[in-house]
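Trainee: Please read through the structure below; I'll follow up with questions.
The values are calculated or read from the model by the stated rules, or taken from the named source; none is laboratory data. Treat the numbers as computed from the prediction; the structure is a model and nothing was measured. Cβ placement follows ideal geometry from the backbone for every residue including glycine, while neighbour counts extend to all protein chains displayed.
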Amino acid sequence: DHDPIEEHCLQLLLGYPEVRELADGLRAEFFQRHENRELFKRWLDAGPGLDKDETLAVVRRDGDDEVSGQLASLLEKPLLPLDVNGRATSFLEVASRLEERNLKNLKSEEVKRFADSPPDLEDGEHDEILRLNQQIRKNEGLRRGQVQEISG
């Protein structure tokens, strides 16, 4: 069981330190698989300014858990050879797809929640609904326009 979108995103983040500057809006909740979410959190903990090997050492930790097993699996998979611009484009596309999937999941949860009990417009619940709808529209517009930005 694996998630190719999440894995490709992590491969780019772990393999190319320069991609970090593009990842400001990427959030742990965009990753559905536990191991991938934890790898992302460890990557965040590593912080900027480290080279690839230093980052991997921080992410690997003691190397005896399921997350380290997932890391080893990701590192074994070959990445397409991409130049700096190709890596940036690929990362922004995959990050946008992760965000889009997360927004759709949030929308689906919202629909289920409001099917049981409609939102109370006087309590301000509609503000969250509007914010989510705006994020979805922004993400779709960016994906269509090839201008990529993660909303964060």
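Trainee: Filter the range 47-66 for residues that are exposed (fewer than 11 other Cβ atoms within 10 Å of the Cβ), free of Cβ contacts under 8 Å to residues at least 24 places away in the same chain and not small (Gly, Ala, Ser) and give the result.
Mentor: Those that are exposed (fewer than 11 other Cβ atoms within 10 Å of the Cβ), free of Cβ contacts under 8 Å to residues at least 24 places away in the same chain and not small (Gly, Ala, Ser): Asp53, Asp62, Asp64.
Conditions (1) surrounded by 13 or more Cβ atoms within 10 Å (Cβ to Cβ); (2) of a type in the set (S, T, N, Q); (3) without any contact (Cβ under 8 Å) to a residue 12 or more places away in the chain, marked per residue:
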| residue | (1), (2), (3) |
| --- | --- |
| Ser68 | yes, yes, yes |
| Asp83 | no, no, yes |
| Ala88 | yes, no, no |
| Phe91 | yes, no, no |
| Ser96 | yes, yes, no |
| Glu100 | yes, no, no |
| Arg137 | no, no, yes |
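Trainee: Then there's this: Looking only at residues in the range 103-152 that are within 17 Å of Phe30 (Cα to Cα) and of a type in the set (A, V, I, L, M, F, W, C), which one is modelled with the lowest pLDDT?
Mentor: Once the filter is applied, the top-ranked residue is Ile150.
Trainee: Quick test for you: out of Leu39, Leu13, Leu26, Leu44, pick the one residue that is surrounded by fewer than 20 Cβ atoms within 10 Å (Cβ to Cβ) and either on the phi > 0 side of the Ramachandran plot or aliphatic (A, V, I, L, M) (or both).
Mentor: On the way: Leu39 fails: surrounded by fewer than 20 Cβ atoms within 10 Å (Cβ to Cβ); Leu13 fails: surrounded by fewer than 20 Cβ atoms within 10 Å (Cβ to Cβ); Leu26 fails: surrounded by fewer than 20 Cβ atoms within 10 Å (Cβ to Cβ).
None of the other options fit; the residue is Leu44.
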